[in-house]
Every structure is written in structure tokens, then in C-alpha cells.
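Working notes, beginning with the structure itself.
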Amino acid sequence: MSRSFLGMPAFPRAAAVTTRDTRLRANLTHATHTIRDKRARAVAELDDWAELRAAGAAIKDRTLRHLDHYLERLEASVTAAGGRVHWAADADEANRIVTRLVRETGEREVVKVKSMATQETGLNEALERAGIRAYETDLAELIVQLGDDLPSHILVPAIHRNRGEIRDIFRREMGKWGRPAPEGLSDSPAELAEAARRHLREKFLSAKVGISGANFMVADTGTLVVVESEGNGRMCLTLPETLISVVGIEKVVPSWQDLEVFLQLLPRSSTAERMNPYTTTWTGTADGDGPRTFHLVLLDNGRSDTLADTVGRQALRCIRCSACLNVCPVYERAGGHAYGSPYPGPIGAILTPQLRGLAGPLEESLPYASSLCGACYEVCPVAIDIPEVLVHLRERVVEGGPVTRRGARVVLKPAKGHAAERAALRAAAWAFDHPGALRGGMRLAARTRRLHPRRLPGPGRAWSDTRALPAVPAESFRDWWQRTRGGAGQAAGGPGGSGDSGSSSDFDGSGNSGKGDVG
């Protein structure tokens, strides 16, 4: 039975385990640093990268604003080209549609192109329950499948495995799925790739049904696009008699002119290549060329609800390049499995809670799986402001918000476990509204600073387990100002002077004007 992400623990619990895995951290550090350094060099070659990035964001935003129009145009174009379009409101419906379509062919085996959408729906597990075996053909996905593992990276799902581990998996498991690994297989990349090629060739030549996702869908012509580096995807897309593509509704672009922008942004941001080695496009069906039957399953699964969020909807711009993962210090240390979703890293921290709803401990913890350093935003080729969305989702977690879905309706429920935080914020608000009480509290804190504990009690202990409590100064800023500049301050309207309105919001403890972000 294949493993799935269902039932994964909240991010802090999972990360507490994965961060102690020294081999995992070494594998991730080596791989992510290599990829991001190559990407930086590839992006630096283009003088107009900033303009391309802005164009990509603008195209995505325009398409999302009129998504209903472009999806209807896409459906008409696919149908006119000989394909059939199916609409899936959620993961279960998508899996039922695909399972039925495969059963109608009479086949019990399918080959698959790497697909984030089918990982999201758990299609492999659904097919397995129906007695249908799905074979992953992307090299990294093959490693994950043979190892009864879960993907941990968008671009390189087996990034957490080194060559020795892959060799052992091939030796142990390949024979159970088809052609076994050759005797004496070493951990040489060339030998590992050759073993995979021979193993997969049998599947390509015998499979009658292929299942794919798509990187983009062109509404004007009904064309689907898959970009890859190995050529295995092209084998799946051209050899089977029946092709079923499961694609998120946000992947549509209006025209080929728009597609051209993304075909420049994606390869440099993902594989650090000037162009993808294999860019496969298909439009419906054609006599004597490619599959004779084509089905397109358009997947919603929370995307419409995400679209309704004016801040969070920018996550739907994502083109799955994985650049944000490769620069994220949290992902580098925790790995992809800790995110409990096919979408790991910074993009997963904002996409998963929106697609699933803030329905449980995992989804509520993901917006906090970030240091808010902003590196993810800097490298995103479509300018998704991930830190902004993270803060927005944290606000929804604390206040309670759209968290569970029943059918097509979004149901509100109160947030749990945040009563102490809300009480603390109310107390702080009261203190800031009463300058005398605030001043007295600051003086009391300064005079008793030697008695302060090093760790917070009760619920605050979790915060101070990994942070040092800030030292309280010997006197507050107000007292220091009064002592050193009392006369001048009063004349100029400083603290305590005639110009002081008495509002504690004029200055914070560091001397900054309290009109902006207070933390």
C-alpha cells in the first residue's frame, strides 16, 4: 500500500524529528545550495528578468480575475479539438472520474507523468484501492515510489535521498515492480539512470493508459503543456492509446503569447536552464499521432475558495518552480515531509492551508513554519508575496476563520487554543490606552529585573524553549529621556513636556515612533 500525507502531525512535531536527522540535513543542504547557486547565475543572464517577473505576475492576476471566462474558453477549445472535459469539485470526485475512465478501457496498469495535482488528490492510492496499479516514470518519483516513500520537494521529489540510498532501493525493490536492477549495480549516476531507463522502457511500451498533469493550459487553442528534463514524460504523453490529464484550474493561461513569458521564467527558476530540454504540447487528438482518446479533468479542490481571498489568492500564481524551497532556511533544516503535504516549503505553507482550509493542527501550524525572512518572495518568478500571505493566514488562525468545507460551502468555526494569546493582546491594548499604568508597569519591570525568570511559565514555555527572553533595561526610555533631557524635552514637546499628548503610542520602548509596524 502506498504511503500518503493523510494523518501527518502538525509541523512543529514533524520538524522536531526531521531536524535531528543529520543525513537528511546534509542531503538537503548540498542539493538546495547547488540548485539555488545555479539558478542565480541563470537569472543573472537576463537584463529584463524583473520585467519578465512583473509580466508573469500580471498575466496570472488578469487570468485569475476572469478565471470563469478562460476556463469556459478552454473547455470549448479542448472539445473542438477532440478531447473531453470533466469538472471535479474536490479530490474525491477527481479520483472517481479517473478511476472510472481507466476501468472503461479495461486496463489495470497505467503510467504516470510527474503530477502535483494527482499527489494532492491521492490518485495513486485511489487507483490501488480499485485494483489498478500506477507506475511513476519521472526518475525522482520512481525512487519515491520504489522506496514506499513520500516526495519532499516540488522539483526533486527524492532530494532527501543520496546516491547510496537510491542504489539500495533499486537493488531491493525494482524486481517487485518489473524489470529488476542489474547485478552489481553501483551508485554511479550513469548506472542508476541506465537501470531506471531499462526498467521503465518495458512500462512505456506496454501501457495503454497514461496519466499526466500539466504545467500550463492555453485557453485559445485547448493546448496542454508539460515541461521536463528527462523525456520520460514525452513517452507517457505520446505512446498510450488513452491520455488522462488532471490539472488545477489555476493552470490556464489565455494565449500562446502569455505562455511565452512563463517558458522563460520557469526553466531558469526551477532547473537553472535557459530552456527546458523537453517541452511537450498536445491539443486534443489527431489521427495516427499520439493518444486516440484524451480526457482533461479540471480540478478545483479548494481553489475557488482561495480565489475568494483577496490576499491569499496570489498563491494561485504559483508555477511550481520550487525556487522558494531552495532558499528557505526552514525547509533546508526540516525537509519536505514535515509540511505534511505534496506542497512543501514556503509555497506549501500558504497553499496547503488554503486548499484544505484551516481544518486541523497541521493546517493551522503551517503559516508559522517560516522565519518571515522574505527570501522566498525575492526569488519567486511570479512575485508571490509569501510573507504577506503567511501573516494574513496567521491572523485567520488566531481570530478563527474559514476553516472547514462542507460540499461547496465554507463554514466558520471559532479558533481553538488561542484564548491566552487573545487575553494577552487585550491586556496590552488596555495598557497602551492608559499611559499612567504603562509607565508604572515599565518602572516596576525595571526595578524587579533581577527576579525575572529565564523562561516563561505555562503556555509561554513553548516560546522560550527556543528563545532567550530579552533583558529588561535598568530604566525605561521615558525615564531616561526625562533624566537626561527633561528641560529641553519639555520645551520641545518631548515626553513629559507641554507637547506630550500623554498617549503611549507616540513612542515605543526603543524610541521609534509607534505609527508603523509594532512587531
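The values are calculated or read from the model by the stated rules, or taken from the named source; none is laboratory data. Just so you know, these numbers come straight off a predicted model, no measurement behind them. Don't worry about glycine lacking a Cβ; one is built from the backbone with ideal geometry, like all the others, and counts go over all protein chains shown. These accessible areas exclude ligands, DNA and RNA; they are computed on the full protein's heavy atoms, side chains included. Shrake-Rupley method; radii C 1.70, N 1.55, O 1.52, S 1.80 Å.
Kindly indicate which of Ser186, Ser152 is part of a loop (DSSP other than H, G, I, E, B), surrounded by fewer than 16 Cβ atoms within 10 Å (Cβ to Cβ) and either touching a strand residue (DSSP E or B) at 6+ places or on another chain (Cβ under 7 Å) or among the polar types (S, T, N, Q) (or both).
Ser186
Ala134 meets all of the listed conditions (1) out of contact with any helix residue (DSSP H, G or I) (no Cβ under 6 Å at 6 or more places or on another chain); (2) open to solvent by less than 30 Å² (accessible area, probe 1.4 Å); (3) touching a residue at least 40 places away in the same chain (Cβ under 8 Å) but one, namely (1). The one condition from (1) under 23 Å from Leu239 (Cβ atoms); (2) surrounded by fewer than 24 Cβ atoms within 10 Å (Cβ to Cβ) that Val110 does not meet is (2). For region 217-238, the candidate set comprises residues that are of a type outside the set (Val, Ile, Thr) and without any contact (Cβ under 8 Å) to a residue 60 or more places away in the chain; within that set, the residue that is most open to solvent (accessible area, probe 1.4 Å) is Arg234. Take the conditions (1) under 17 Å from Glu388 (Cβ atoms); (2) over 12 Å from the mean Cα position of the chain (by Cα); (3) surrounded by 21 or more Cβ atoms within 10 Å (Cβ to Cβ); Cys318 misses just one of them, which is (2). Every test in (1) within 23 Å of the chain's Cα centre (by Cα); (2) open to solvent by 30 Å² or more (accessible area, probe 1.4 Å); (3) of a type outside the set (Ser, Thr, Tyr) is passed by Leu123 save one, and that test is (2).
Of the residues making up region 205-214, those that are open to solvent by less than 10 Å² (accessible area, probe 1.4 Å) and farther than 11 Å from Ala134 by Cα are Ser212, Gly213.
Check whether at least one residue in region 80-90 is touching a residue at least 12 places away in the same chain (Cβ under 8 Å), open to solvent by 60 Å² or more (accessible area, probe 1.4 Å), acidic (Asp, Glu) and out of contact with any Pro (no Cβ under 6 Å at 6 or more places or on another chain), and report yes or no.
Checked against the condition, which is being touching a residue at least 12 places away in the same chain (Cβ under 8 Å), open to solvent by 60 Å² or more (accessible area, probe 1.4 Å), acidic (Asp, Glu) and out of contact with any Pro (no Cβ under 6 Å at 6 or more places or on another chain), region 80-90 yields at least one hit.
A single member of Ile35, Ile97 is modelled with pLDDT under 95 and not hydroxyl-bearing (Ser, Thr, Tyr), and it is Ile35. Here the helices (runs of 4 or more DSSP H) wholly within region 218-309 that include at least 1 residues being more than 22 Å from the chain's Cα centre (by Cα) and of a type in the set (D, E, K, R) are 232-238, 256-270. Listed here are the helices (runs of 4 or more DSSP H) enclosed by region 400-519 that have at least 2 residues being at pLDDT 80 or above and open to solvent by less than 60 Å² (accessible area, probe 1.4 Å): 419-432, 435-447, 477-491.
If the condition is being at negative phi and either open to solvent by less than 40 Å² (accessible area, probe 1.4 Å) or at pLDDT below 95 (or both), then region 382-391 contributes Val382, Ile384, Ile386, Pro387, Val389, Leu390.
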